[in-house]
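The values are calculated or read from the model by the stated rules, or taken from the named source; none is laboratory data. Quantities reported herein were computed from a predicted structural model and do not represent experimental measurements. Positions of Cβ are backbone-derived with ideal geometry, glycine not excepted, and every protein chain shown enters the neighbour counts.
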Amino acid sequence: MAENTGEQITSFIHARFPEADFTETDDIFSLGFINSLFAMELVMYIEKTFGITIGNDDLRIDNFRTVAAMTGLVARHVAPAPVA
């Protein structure tokens with residue numbers, strides 16, 4: 001069974017920071033192991049992995065503070081467009 005979005009993002013972070021201990025709702029920036037360079041890696045990983053484009057309006061730190069926030073960001077971008 002394929003991993004869900006949150007598990008995929010968590011796995012990516014753990015691959016770079018195996019010592020990191022966090023939950024989906026922990027602020028990964030305040031824990032001190034994530035920096036601005038890795039934040040850009042996260043953006044690129046999310047875009048490539050989930051086939052989305054994160055526009056300037058979504059490039060806010062609050063969208064990347066937690067795995068839950070990143071999962072929500074992905075969900076908003078892959079949600080089907082409303083039928084008119």
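Structure data summary
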{"read-out": "Which listed residue is of a type in the set (Asp, Glu) and not in a helix (DSSP H, G or I), from GLU7, GLU19, GLU41", "value": "GLU19"}
{"read-out": "Residue within the range 24-35 that is of a type in the set (Ser, Thr, Tyr) and at pLDDT 95 or above present", "value": "yes"}
{"read-out": "Residue identified as touching a residue at least 60 places away in the same chain (Cβ under 8 Å) and either among the polar types (S, T, N, Q) or not in a helix (DSSP H, G or I) (or both) among THR53, THR71", "value": "THR71"}
{"read-out": "Selection count where residues are of a type outside the set (Val, Ile, Thr) and loosely packed, with under 15 Cβ neighbours inside 10 Å, scope the range 42-51", "value": "4"}
{"read-out": "Pair list, Cβ < 7 Å and 6+ apart or interchain, from the range 38-50 residues that are at pLDDT 95 or above and among the polar types (S, T, N, Q) to residues that are buried (at least 17 other Cβ atoms within 10 Å of the Cβ) and not in a helix (DSSP H, G or I)", "value": "none"}
{"read-out": "Checklist (1) touching a residue at least 24 places away in the same chain (Cβ under 8 Å); (2) surrounded by 14 or more Cβ atoms within 10 Å (Cβ to Cβ); (3) out of contact with any helix residue (DSSP H, G or I) (no Cβ under 7 Å at 6 or more places or on another chain) applied to PHE33, failing item", "value": "(1)"}
